[in-house]
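Asks: Would you mind keeping the following structure in view while I ask a few things?
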Amino acid sequence: MKKQVYFAIILSLLSFTTIQGQIQDDPILKAIKSEVDRNKAGLHAGNLDYPFLISYRFLNATQTTVSASAGALQIEEKRKKNIGIADLLVGNDVFNNNNDTYQSYNRQNEYPIGETDIESALKYVIWSQLDPDYKKSAESFESKKVKIAQQNIPEEEKKIHDWDQSTPVQYYCKKEIKSTDQNFWSEYCRKASIALSENESIISSEFRATITEGDYYYYSTDGFMYRLPTCFIDLSGSVECRSDDGQVMNEKYSFYFDDINDVTPIDTLCTEIIKYNELLIEESKAPMISDSYSGPVLYEGTAVSSAISRNFLNANNGLLAKRKGLSKSENRMEQMMDKKVADRRLDFISMTGTPRWHGQKLLGYTPIDAQGVRPDSSLTLIKHGVLKNMLSDRTPTKTNPKSNGHSRINMNFYFESLGAGNIRLTASQTIPEKVMKDSLLAAAKEEGYDFAYIYKGYPHMDGCFLYKVYQDGREEMVRNGSISDMNQKQFKYILHIGTEEVIHNINNMGFITTLIVPCGIIFKELEIVRNNNMTLEKPFIVPRPLKTKK
């Protein structure tokens, strides 16, 4: 046993030494560290406080964008993506400008840095960014002192530190970046756009591919440092059609990848989006919901993921530990720690530090978060329906004083914010998927209905579809129905949970989150009403032109 411990320590020291050497030899990290340290030592004005922490994150990437509509290419561009984001705190870890109206967080600048002498250019932009950041952060800190003096803040809140002094982590990973084949993506988008517009019921459509490849570099003056490769492939299709009575129907299809080798072959993708278009067109021809309903509803497929995302992965009342600001409200869920927030059969587990599950890649995985903290491979958030933990970053809250590695980088705008990575919803006392419809109908019959509703979502589609299901098992798609009372509280009142699990990748507030969820959930009572707040467009006078035959 002692030998095993000894060898583990030796391996750990060797790994640390290797990472140290890689970091010291990396010219971009050296340039960032040198300039940030120089500014931290020199930034001071008058009676203003000194900066106690500065961090800088730099994205050095190439972004390729291609879009096409009905077989015609619209955009073909490839450009450098150099974005620097500085975070600057004045004061100390207990009391600083964090958690005020103004923060230096999320302030970013995009710079035209070329490949020649990138180190000198990077030092210049860091210098030019940190000077105004320091002045605004220092002014914000002074303003915060005045606000606190004027407000009657409970002593319990005053004791919460403004910054988490986590143990520094250093991480280094370098991958060879392959040159993006723009011709491949142009032909890919062109073929996909043809498939999107193939059905003559489609009024307008576009297919777009955005491929971002490069590295994130990060340094903070409290010892965190990393180089983290990034590859994000975002394929999206948007379509529009109309019902016969003039209701506009829009849908978006999204496909996410982190490796070119994983991208769906174009022929397969075309088959999928044609099938999705058929669902949208079926909805446009479906009858409007005719009667109100208040009873059991079965959520199926991505409808389950969507409900979880909207009700549990938001900053206002979800599993994100959002600090109560001086001018902002706190996350109400934090008040429910150690209290029941969901059905007793449910467990919510964060798996952000887990790269694969049953052999399948989890896109929400990251070895290290935006602030350099390692996320857990398994962290229980809700146990038997009771709230036990929340996702946190380095801004402490009343019940979450330490970061658990969930400062995520927004894939659209590149700023950092609290976000979920991989979330698994598990359950006990489940029923097989094949009997869920029968269980739904039996529950509806007890409520006096000879029908029920299934709210169903399909992979890669943003929207979900509403089906009226009759006692003989027949399903009929209906449109213009609205589930008015789906909220977090409904997860306390569940009839049945499906046994089988499915994986969905979603764009949750700009962060790619992977959800592992039951195939279906029957909620005890939801209200479905007709949506009367819609505008009906007049039909086209001249029909859409027929597709040109080649």
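The values are calculated or read from the model by the stated rules, or taken from the named source; none is laboratory data. Bear in mind that the values here come from a model prediction, so they are computed numbers and not experimental data. Reconstructed Cβ throughout: ideal geometry from the backbone, glycine too, with neighbour counts over all protein chains shown.
Asks: Could you say whether any residue in the stretch 494-515 is surrounded by 19 or more Cβ atoms within 10 Å (Cβ to Cβ), touching a residue at least 12 places away in the same chain (Cβ under 8 Å) and under 19 Å from SER292 (Cβ atoms)?
Replies: The answer is no, given that none of the residues of the stretch 494-515 is surrounded by 19 or more Cβ atoms within 10 Å (Cβ to Cβ), touching a residue at least 12 places away in the same chain (Cβ under 8 Å) and under 19 Å from SER292 (Cβ atoms).
Asks: Is it fair to say ILE516 is touching a Pro at 6+ places or on another chain (Cβ under 8 Å) and not polar (S, T, N, Q)?
Replies: No.
Asks: Right, another one. State whether the residues of the stretch 471-481 include one that is in contact with a Phe, Trp or Tyr (Cβ under 8 Å, 6 or more places away or on another chain) and either outside any strand (DSSP E or B) or not assigned by TED's automatic domain parsing to the domain that holds ARG310 (or both).
Replies: Within the stretch 471-481, one or more residues are in contact with a Phe, Trp or Tyr (Cβ under 8 Å, 6 or more places away or on another chain) and either outside any strand (DSSP E or B) or not assigned by TED's automatic domain parsing to the domain that holds ARG310 (or both).
Asks: Here is a follow-up. What number goes with the only condition from (1) surrounded by 14 or more Cβ atoms within 10 Å (Cβ to Cβ); (2) more than 21 Å from the chain's Cα centre (by Cα); (3) more than 17 Å from LYS437 (Cα to Cα) that HIS460 does not pass?
Replies: So the condition that HIS460 fails would be (2).
Asks: Among the numbered criteria (1) loosely packed, with under 15 Cβ neighbours inside 10 Å; (2) farther than 22 Å from MET249 by Cα; (3) out of contact with any helix residue (DSSP H, G or I) (no Cβ under 9 Å at 6 or more places or on another chain), which one does GLU476 miss?
Replies: (2)
Asks: Which condition breaks for ILE541 when tested against (1) outside the structural domain of ILE308 (by TED's automatic domain parsing); (2) among the β-branched types (Val, Ile, Thr); (3) at pLDDT 85 or above?
Replies: (3)
Asks: Let me ask another. Take SER292 and tell me if it is assigned by TED's automatic domain parsing to the domain that holds PHE465 and either surrounded by fewer than 19 Cβ atoms within 10 Å (Cβ to Cβ) or hydrophobic (A, V, I, L, M, F, W, C) (or both).
Replies: Taking the combined requirement at face value, the residue satisfies it.
Asks: Residues in the stretch 88-142 that are within 22 Å of PHE58 (Cα to Cα), at pLDDT 65 or above and of a type outside the set (S, T, N, Q): how many?
Replies: Going through the stretch 88-142 one residue at a time, the tally reaches 20.
Asks: Can you find, within the stretch 137-162, the residue that is nearest to the chain's Cα centre (by Cα) among those that are among the charged types (D, E, K, R) and closer than 23 Å to LYS402 by Cβ?
Replies: This residue is ASP162.
Asks: For the stretch 27-44, which residues satisfy the criterion of being farther than 12 Å from LEU122 by Cβ and out of contact with any helix residue (DSSP H, G or I) (no Cβ under 7 Å at 6 or more places or on another chain)?
Replies: Looking only at the stretch 27-44, we keep the residues that are farther than 12 Å from LEU122 by Cβ, and these are 37-44.
Result: ASP37, ARG38, LYS40, ALA41, GLY42, HIS44.
Asks: Would it be correct to say that LEU280 is in contact with an Asp or Glu (Cβ under 7 Å, 6 or more places away or on another chain), farther than 29 Å from LEU495 by Cβ and outside the structural domain of TYR493 (by TED's automatic domain parsing)?
Replies: Taking the combined requirement at face value, the residue satisfies it.
Asks: Can you work out which of the residues in the stretch 1-39 that are surrounded by 11 or more Cβ atoms within 10 Å (Cβ to Cβ) and charged (D, E, K, R) is modelled with the lowest pLDDT?
Replies: Among those residues, the one meeting the criterion is ASP26.
Asks: Shifting gears a bit: Condition first: of a type outside the set (Ser, Thr, Tyr) and closer than 30 Å to LEU269 by Cβ. Can you find one or more residues in the stretch 529-536 that meet it?
Replies: Within the stretch 529-536 (the criterion being of a type outside the set (Ser, Thr, Tyr) and closer than 30 Å to LEU269 by Cβ), the answer is no, since none of the residues qualifies.
Asks: Next question. Conditions first: (1) surrounded by 21 or more Cβ atoms within 10 Å (Cβ to Cβ); (2) assigned to a helix (DSSP H, G or I); (3) of a type in the set (D, E, K, R). LYS468 passes all but one, so which condition is the exception?
Replies: If we test LYS468 against (1) surrounded by 21 or more Cβ atoms within 10 Å (Cβ to Cβ); (2) assigned to a helix (DSSP H, G or I); (3) of a type in the set (D, E, K, R), just (2) comes out false.
Asks: Within the stretch 300-341, restricting attention to residues that are surrounded by 20 or more Cβ atoms within 10 Å (Cβ to Cβ) and among the charged types (D, E, K, R), which residue is nearest to GLU475 (Cα to Cα)?
Replies: Across the stretch 300-341, the extreme among qualifying residues is GLU300.
Asks: Right, next: Taking the stretch 483-493 on its own, how many of its residues are in contact with a strand residue (DSSP E or B) (Cβ under 8 Å, 6 or more places away or on another chain) and surrounded by 16 or more Cβ atoms within 10 Å (Cβ to Cβ)? It would help to see each step written out before you state the result.
Replies: If we filter the stretch 483-493 for residues that are in contact with a strand residue (DSSP E or B) (Cβ under 8 Å, 6 or more places away or on another chain), which is where we start, we get 483-486, 490-493.
Remaining after also requiring surrounded by 16 or more Cβ atoms within 10 Å (Cβ to Cβ): 483, 486, 490-491.
Residues in the stretch 483-493 being in contact with a strand residue (DSSP E or B) (Cβ under 8 Å, 6 or more places away or on another chain) and surrounded by 16 or more Cβ atoms within 10 Å (Cβ to Cβ): 4 in total.
Asks: For the stretch 129-165, give me the residue count where each residue is loosely packed, with under 13 Cβ neighbours inside 10 Å and either touching a Ser or Thr at 6+ places or on another chain (Cβ under 7 Å) or of a type in the set (Gly, Ala, Ser) (or both).
Replies: Counting residues in the stretch 129-165 that are loosely packed, with under 13 Cβ neighbours inside 10 Å and either touching a Ser or Thr at 6+ places or on another chain (Cβ under 7 Å) or of a type in the set (Gly, Ala, Ser) (or both) gives 1.
Asks: Moving on to the next point. Under the condition of being surrounded by 15 or more Cβ atoms within 10 Å (Cβ to Cβ) and polar (S, T, N, Q), which residue from the stretch 342-379 is farthest from ASN311 (Cα to Cα)?
Replies: GLN371
Asks: With the condition being of a type in the set (Val, Ile, Thr), closer than 25 Å to GLU416 by Cβ and touching a residue at least 60 places away in the same chain (Cβ under 8 Å), I'd like the strands (runs of 3 or more DSSP E) fully within the stretch 165-249 carrying at least 2 qualifying residues.
Replies: 202-220
Asks: Testing LYS252 on (1) out of contact with any strand residue (DSSP E or B) (no Cβ under 6 Å at 6 or more places or on another chain); (2) within 19 Å of SER201 (Cα to Cα); (3) in contact (Cβ under 8 Å) with a residue 24 or more places away in the chain, one condition comes back false. Which one is that?
Replies: With (1) out of contact with any strand residue (DSSP E or B) (no Cβ under 6 Å at 6 or more places or on another chain); (2) within 19 Å of SER201 (Cα to Cα); (3) in contact (Cβ under 8 Å) with a residue 24 or more places away in the chain applied to LYS252, the lone miss is (1).
Asks: Just give me the residues in the stretch 262-304 being assigned to a helix (DSSP H, G or I) and among the aliphatic types (A, V, I, L, M), in sequence order.
Replies: Residues satisfying the conditions are ILE266, LEU269, ILE273, ILE274, LEU279, LEU280, ILE281, ALA303, VAL304.
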